[in-house]
Amino acid sequence: MQSFLIAANAVIPFICYMLYGYLFRHLGYGDDVFYKRLNQLVFKAFFPMLMFNNLYTADIDIGANASMLAICIGTLIGIILLCIFIVPAVIKENPRRPVVIQSIWRSNTLMFAYPLCVTMYGESAGALASLVIAVIVPIYNIGAVILFTVFDKQNNAKTDVGKLVKNILTNPLIVGAVTGALFKGFGIPVPQAVMKPVASFANMTTPLSIFILGATLSLPDIRKNLDVIVSVLTLKLVVVPAAVLLMMILLGYRGAELFISFILYATPIASASFSMAENMGGDGELQGQLLAISTVASLFTIFLWIMSLTELGLF
């Protein structure tokens, strides 16, 4: 019963945020354009505040967590390379290949992984999660761009290295995290009168972002791609998280560190994956279907994961 309550307390808030957004959208408040612009605003104005606040107020030793960061980076790169070798042998259409590959490992970390860590283990785990996210997000972006460039034979796309570097350095998540880390590392004081609104903006970020996700959620007709969707989401939400979990357990990780490593892969597909597929020659229809179904399905799989692993004493 206790394991059930822990899992319920972690997942039900996400369901409430999404349902509230879904309800308001279907009551006629706002359209696609409105919510798209609101989503851009949250990403550019609120998420940097969240990252800054997490790292600036964190009581965390980066050096002490260097080995975990290295393992998270190595694991992600290893999964990407494994998918690059295996998926093309199964998926024959070039537009589908990068979509399937990125869907297996590219997660919606800030909307789901970070707040789940805070719910389960408190703000200290949230600070560590923010640090891990700040490190792996650039790998997400670089890996996805390279994938679509390699498989986009029709458009002969070429990677603009300068633009790629600029996009990474100006990513709001990276800007907020780096700024927070610099202020923390150099001991630069921020007046309480400024930190109070920063913390307030940070606290608004997760509910608002998932509210928008619920408002824009549309479950598509998946019959044409059902076999691919089932296979990909089984890998994304079950097989890959299980493999990462087993590896981290064997390496001796438990508690918050184990949960952070695991939840990076058990969360739904990143929303940015759809726009990338649409604009870089990928199968946008398939990517949109994977994104929508993974968002709903993950609420159930995450609940089952947390309940089961809490019962086993691992979380």
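The values are calculated or read from the model by the stated rules, or taken from the named source; none is laboratory data. Computed from a predicted model, the values in this text were never measured in an experiment. Here the Cβ is made from the backbone with ideal geometry for all residues, glycine too, and neighbour counts use every protein chain on show.
Kindly establish whether Arg96 is surrounded by 17 or more Cβ atoms within 10 Å (Cβ to Cβ), of a type in the set (D, E, K, R) and either at pLDDT 85 or above or within 18 Å of the chain's Cα centre (by Cα) (or both). Here the answer is yes, as Arg96 does meet what is asked.
Against the conditions (1) surrounded by 14 or more Cβ atoms within 10 Å (Cβ to Cβ); (2) out of contact with any Pro (no Cβ under 9 Å at 6 or more places or on another chain); (3) of a type outside the set (Lys, Arg); (4) modelled with pLDDT of 85 or more, Phe183 satisfies every one except (2).
Return yes or no: is Thr75 surrounded by 17 or more Cβ atoms within 10 Å (Cβ to Cβ), touching a helix residue (DSSP H, G or I) at 6+ places or on another chain (Cβ under 8 Å), more than 22 Å from Ala270 (Cβ to Cβ) and not aliphatic (A, V, I, L, M)? Judged against the criteria, Thr75 is not a match.
Suppose we filter Gly255, Gly288, Gly282 for residues that are within 22 Å of Phe151 (Cβ to Cβ), surrounded by fewer than 20 Cβ atoms within 10 Å (Cβ to Cβ) and in contact with a helix residue (DSSP H, G or I) (Cβ under 9 Å, 6 or more places away or on another chain); which single one remains? Before you say what the answer is, go through the steps one by one.
On the way: Gly255 fails: within 22 Å of Phe151 (Cβ to Cβ); Gly282 fails: surrounded by fewer than 20 Cβ atoms within 10 Å (Cβ to Cβ).
None of the others qualify; the one that does is Gly288.
For region 177-219, a residue qualifies if it is over 27 Å from Pro268 (Cα atoms) and hydroxyl-bearing (Ser, Thr, Tyr), and exactly one does: Thr179.
Filtered by the rule that a residue be within 16 Å of the chain's Cα centre (by Cα) and hydrophobic (A, V, I, L, M, F, W, C), region 112-124 gives Phe112, Ala113, Leu116, Cys117, Val118.
Going through (1) hydrophobic (A, V, I, L, M, F, W, C); (2) free of Cβ contacts under 8 Å to residues at least 40 places away in the same chain; (3) within 29 Å of Pro138 (Cβ to Cβ) one by one, Phe34 falls short only on (3).
Would you confirm whether any residue within region 36-54 is crowded, with 19+ Cβ neighbours inside 10 Å, of a type in the set (Gly, Ala, Ser) and at negative phi? Within region 36-54 (the criterion being crowded, with 19+ Cβ neighbours inside 10 Å, of a type in the set (Gly, Ala, Ser) and at negative phi), the answer is no, since none of the residues qualifies.
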